[in-house]
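Trainee: One structure, as structure tokens, below. Some questions next.
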Amino acid sequence: MTDNKKFTLHKAPFIRKADNGATTTVMMRDFMIALAPLILFAWVKNGLLPFIAEKTNFFGLLYPLLLVLVGGATSFLCEFLWYYFLVKKENVWVSLQKSYPLIPGILLGMIVPLATPLWLVAIGAFFATVIGKLIFGGFGNNIFNPALIGYLFLTYAYFGPLTGSNEAIGAVGYFNAKEVADAITSATPMTVFAGDRAGAVNVLLEDYGLWKMFLGLTPGSLAETSALLCLVAFAYLTIRKTINWRVPVIYVGTVFVLTYIIGAVNGYAGTLSYALFGILNGGLMFGAVFMATEPVTSPRNPNGIILYSLGLGVLTVLFRFASSMPEGVATSILIMNMFTALLERFSAKLRVEPKKAKVAISYALIGLLFTGIGAFAVAQNIPKGIEFVSAEQDFATLDFNYTFKVGSKEVLVIVDQNYEIKSIEDSNYNTDRYESAFSDLISGNKLPAYVAEVSETAEELLLTVKSKGFGSNPELTSTVVFDPETLAITGFETNTRTESYTNSQGWNQIHPDEFMPGQIIANQSDLSKVQTVTGATVTSNSLVEAARQALQYKDYLAGLSELVLVNYYQSFDSLNFVYIFRNGEGRIVVEAKPDGTLVTTVDEALREAIMAVVSNKKLDNYIAEHSESENKLVVKAKGYASTITATITYDPETYAITGFVADTTGETYGSSYEWAQNPVHPKDQIPNQVIANQDDLSKVQTVTGATVTSKAIISAARIALDYLAHLGGSNE
């Protein structure tokens, strides 16, 4: 009788000795019962439905179950070997009965992406069981949730294969074969949300709706998407007294409140949809019910439970809204696991502390800490005012660099010549909302002039410059020619006849394209001296801006401190490749054979740098050979999977193409329906079209299923025609 009244006091869970472990066994049994509906749902959603839709095979039908089985089996095997070879304090089966070895691996298999390779699940389960559980002393002694330890290890060590494509079942990352076939593979809701925390919610609600999110019919980890089934499990486990209901309620409630506040400052104050989105997506509900409530790694003291749950909530919001993490649940739980023992001791002492003021101050300080973390997350998501600062052209890439001030921080935005955003320097502002705001400011602050194209040869430096015109022609195109050695403007051509001019008495019918070029060339050292055409002032000033931008490019070239390749092309005279370099001392023209052998003597101090460029920068399309005696050209062109060799014959009198043979031996073609029905090879169809349409190659039609190969053959023809035109001009 005395023995039956004794208790074994140890780390949670506390088990009465009289029960001989039965209480814990019942708890674990209830835990597995609660997991079963989620596993079944994961199988139906990710295996059965894609199989019925004929989007996956029989292996894909079973794959969701295999993830769970492989995870559980690996954990069981690890513990069996551990107790059989390393820890022999009792019979191995007795140890396993008290260790519940299946659970870490089963949980891991439920929270990984569907496309996770089975070998990777085994590695994760091994890490979860051995590192997360056994090295601490086994069940009841681990300080971290083992399954989350394994999950975090896979996330950081194997992110590529974890989220990649699994061709065996047709799944990609978090997306099952049916979702892949339906083209629902851009990103999971939480990943989309992380890209734009303000604007993405409405888009996602339109795509899925709260009801689908609640049921779990959205892409996500294998078995954690269904909030409904998580709530059912919560109710069952609470009734069975397997978990403490306070942890999920306070945890999810904290996330809900803070997410609502963040949504409110971003325009969602009148709706709960933003906050509901936050708790229905990702692994929050699953983590709150099955991970955060683990009795071994969570506090048992009532006040400790409250502090633990509040900490989980504010940390999850912090990671979701003030970091690059789209999720944050696993990391939050593991961090709070570290503080479980501390919270236990802290709250236990305060429960018996006679000085109420000390108790109040202690809890107030922790409350202040949590409030500060939550306030920081909220503050990071308060919309900041955006101010345009400056815009200039990057002459190295010919892109535009826009600088904006967001709050007190300057952000660089790079756009192309169509004013489309290419990149945003600070990832915190690389969201749809900020991108839209940047685009609006960019459209209202376009550059008055920019260099659209640069072409430098051994003989000249030619710039194509766009500038803002007047009237019906919003953009004028000017061609500015420089002496390549002195970098002085030697020519300026433009056409302003589409402009409209003021019909004033001062306008004497002299068009700016007749008057301005001479003015610009004569006054290029001081453009303020250029006189404009009366009645065409805006157009005249536009040409001055074009000249000013061209001169800024000249200054960029003159200011280069390192060796820079500015252009390379094939010389039709020698058939060598010509490389134009510039540095602070001027320009360097180098010729090399197509195989990279230098023809030009270069300074030894620059030879290594030049050779590195010549080796890496070779033309894809070029004249490889010209036999004047046979009136034959051999042209190389880059195809889809190989280099195409085109042999072209021509009439020596008219320089017109008379014969065309394309060797496409190394090419591969698409398997489209059109190609399968009519497998005409480009080498058979394109050459005849080229000969017939050599005056206008735009009329040549490509072969469907072999478009790249077709375009390569056309490119070879275009190069040949340019070369033949050069030969004809030389002979004249």
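Trainee: What pairs in 554/617; 446/468; 446/554; 593/636; 617/711; 466/554 have C-alpha atoms more than 19 Å from each other? Display every interim value, and only then the final one.
Mentor: On the way: 554/617 24 Å; 446/468 9 Å; 446/554 22 Å; 593/636 14 Å; 617/711 21 Å; 466/554 16 Å.
As for pairs spanning more than 19 Å Cα to Cα, those are 554/617; 446/554; 617/711.
Trainee: Given the DSSP H assignment, sum -39500 (n - 2.57) over each helix run of at least 4 residues in the chain and divide by its residue total; what's the result at 222 nm in deg cm²/dmol, nearest 500? If you can, show how the numbers build up before the last one.
Mentor: Numbers: 26 runs with 329 residues, N = 732.
The helix-only estimate for the chain comes to -14000 deg cm²/dmol at 222 nm.
Trainee: Which GluC sites (Glu not before Pro) in the stretch 503-602 sit in a loop by DSSP (not H, G, I, E or B) and have at most 16 other Cβ atoms within 10 Å of their own Cβ?
Mentor: Details: sites: 514, 545, 562, 585, 591; in loops: 562, 585.
The qualifying sites are 562, 585.
Trainee: Can you tell me the FRET efficiency between residue 422 and residue 246 if r is taken as the Cβ-Cβ distance and R0 is 51 Å, rounded to the nearest 0.05? All intermediate terms of the calculation are to be shown ahead of the outcome.
Mentor: Numbers: r = 50 Å, r/R0 = 0.97.
For R0 = 51 Å, the calculated efficiency reads 0.55.
Trainee: For the chain, what is the relative contact order in percent, using Cα pairs closer than 8 Å and at least 6 residues apart in sequence?
Mentor: 6 percent
Trainee: Once you keep just the Cα pairs under 8 angstrom separated by 6 or more residues, what percentage relative contact order results for the stretch 338-472?
Mentor: On the way: 134 pairs, mean separation 16.6, N = 135.
Value for the stretch 338-472: 12 percent.
Trainee: Taking a cut-off of 18 Å between Cα atoms, list the aspartates and glutamates near residue 358, but don't count ones fewer than 8 places away on the same chain.
Mentor: Correct list for residue 358: 344.
Trainee: Separate question: Once fully extended, how much extra length lies between residue 119 and residue 632, figured as 0.36 nm per residue of separation less the alpha-carbon to alpha-carbon distance?
Mentor: Working: separation 513, 0.36 × 513 = 184.68 nm, distance 5.84 nm.
That pair, residue 119 and residue 632, stretches by 178.8 nm at full extension.
Trainee: Just the ratio, please: alpha-carbon radius of gyration of the stretch 450-558 over 2.2 N^0.38 Å, N its number of residues.
Mentor: Values: Rg = 13.8 Å, N = 109, 2.2 N^0.38 = 13.1 Å.
In units of the 2.2 N^0.38 Å rule of thumb, it is 1.05.
Trainee: Could you size up the charge dipole of the chain around its Cα centre, putting +1 on the beta carbon of Lys and Arg and -1 on that of Asp and Glu, and report it in debye to the nearest 20?
Mentor: Numbers: 51 positive and 65 negative charges, 1324 e Å.
That gives the chain a dipole magnitude of about 6360 debye.
Trainee: Further question: Subtracting the Cα-Cα distance from 0.36 nm times the residue separation, let me have the gained length for residue 369 to residue 538 in nm, one decimal. Intermediate results must be reported in sequence, preceding the final value.
Mentor: Details: separation 169, 0.36 × 169 = 60.84 nm, distance 6.12 nm.
Full extension from residue 369 to residue 538 adds 54.7 nm.
Trainee: If I take R0 = 51 Å and measure r between the Cβ atoms of residue 217 and residue 612 in this structure, what FRET efficiency does the formula 1/(1 + (r/R0)^6) give, to the nearest 0.05?
Mentor: Values: r = 55 Å, r/R0 = 1.07.
The calculated FRET efficiency here is 0.40.
Trainee: In nanometres, what is the gap between the two model label sites at residue 352 and residue 688, each 7 Å from Cα along Cα-to-Cβ?
Mentor: Between residue 352 and residue 688, the simple spin-label model gives 10.0 nm.
Trainee: Note down the net charge around residue 405, summing +1 for each Lys or Arg and -1 for each Asp or Glu among other residues with Cβ under 14 Å from its Cβ. Mind dumping the intermediate values first?
Mentor: Working: positive: 384, 409; negative: 387, 410, 425, 426.
Spelling it out: positives minus negatives among the neighbours equals -2.
Trainee: Which of the aspartates and glutamates could be linked to residue 683 by a straight reach, that is with a Cα gap under 16 Å, when you skip same-chain ones fewer than 8 residues away?
Mentor: 663, 667
Trainee: Right, something else. Sum up the charges of everything whose Cβ sits under 13 Å from the Cβ of residue 97, counting Lys and Arg as +1 and Asp and Glu as -1, but leave residue 97 out.
Mentor: Details: positive: 29, 98; negative: 79, 90.
Here the count lands on 0.
Trainee: Would you list, by chain and number, the lysines whose Cα falls below 28 Å from the Cα of residue 178, excluding same-chain residues fewer than 8 positions away?
Mentor: Partners found: 45, 55, 212.
Trainee: Related question: Using r as the Cβ-Cβ distance of residue 619 and residue 207, and R0 as 51 Å, what FRET efficiency do you calculate, to the nearest 0.05? Present the calculation step by step, with values, prior to reporting the outcome.
Mentor: Values: r = 46 Å, r/R0 = 0.90.
Efficiency computed from Cβ-Cβ geometry: 0.65.
Trainee: Computed over the Cα atoms of the stretch 331-481, what is the ratio Rg over Rh, Rh following Kirkwood?
Mentor: Working: Rg = 27.7 Å, Rh = 20.6 Å.
With Rh from the inverse mean 1/r over Cα pairs, Rg/Rh is 1.35.
Trainee: How far apart, in nm, are the 7 Å Cα→Cβ label points at residue 598 and residue 462?
Mentor: The modelled label-to-label distance comes out at 2.9 nm.
Trainee: By counting other Cβ atoms within 10 Å of each Cβ, how are 79, 425, 353 ranked from fewest to most?
Mentor: Result, fewest neighbours first: 353, 425, 79.
Trainee: May I pose another question? Take residue 562 and residue 387, extend 7 Å from each Cα along the Cα→Cβ direction, and tell me the distance between the two endpoints in nm.
Mentor: Here the answer is 3.4 nm between the modelled labels.
Trainee: Need the full-extension length gain, residue 497 to residue 165, defined as separation in residues times 0.36 nm minus the C-alpha distance. One decimal, nm. It would help to have the intermediate numbers written out before the result.
Mentor: On the way: separation 332, 0.36 × 332 = 119.52 nm, distance 5.68 nm.
The residue 497-residue 165 span can extend by a further 113.8 nm.
Trainee: Give the residues of the stretch 409-432 whose amide nitrogen is closer than 13 Å to a point set 7 Å from the Cα of residue 443 in the direction of its Cβ.
Mentor: Of the residues in the stretch 409-432, 419-421 have backbone N under 13 Å from the label point off residue 443.
Trainee: How big is the Rg/Rh ratio for the chain, C-alpha atoms only, Rh by Kirkwood, two decimals? Please report the intermediate quantities before stating the final value.
Mentor: On the way: Rg = 35.7 Å, Rh = 32.2 Å.
Over the Cα atoms of the chain, Rg/Rh equals 1.11.
Trainee: If packing is taken as the average number of other Cβ atoms within 10 Å across a peptide's residues, how do 654-666, 331-343 rank, most packed first? Let's see the in-between values first.
Mentor: Values: 654-666: 16.2, 331-343: 19.2.
Per-residue mean Cβ counts within 10 Å order the peptides as 331-343, 654-666.
Trainee: Stokes-Einstein at 25 °C, 0.890 mPa s, Kirkwood radius from Cα pairs: D for the stretch 512-652 in µm² s⁻¹?
Mentor: On the way: Rh = 18.8 Å.
Value of D from the Cα-based Kirkwood radius: 130 µm²/s.
Trainee: A further question follows. Sort 467, 273, 443 by Cβ crowding within 10 Å, fewest neighbours at the top. Walk me through the numbers on the way to the answer.
Mentor: Working: 467 25, 273 16, 443 9.
The most exposed by this proxy come first: 443, 273, 467.
A short reminder: the numbers here are calculations on the coordinates, not readings from a lab. What you see is a predicted model; the values in this text were computed from it and never measured. A quick note on method: Cβ atoms are made from the backbone with ideal geometry, for glycine too, and the neighbour counts reach across all protein chains shown.
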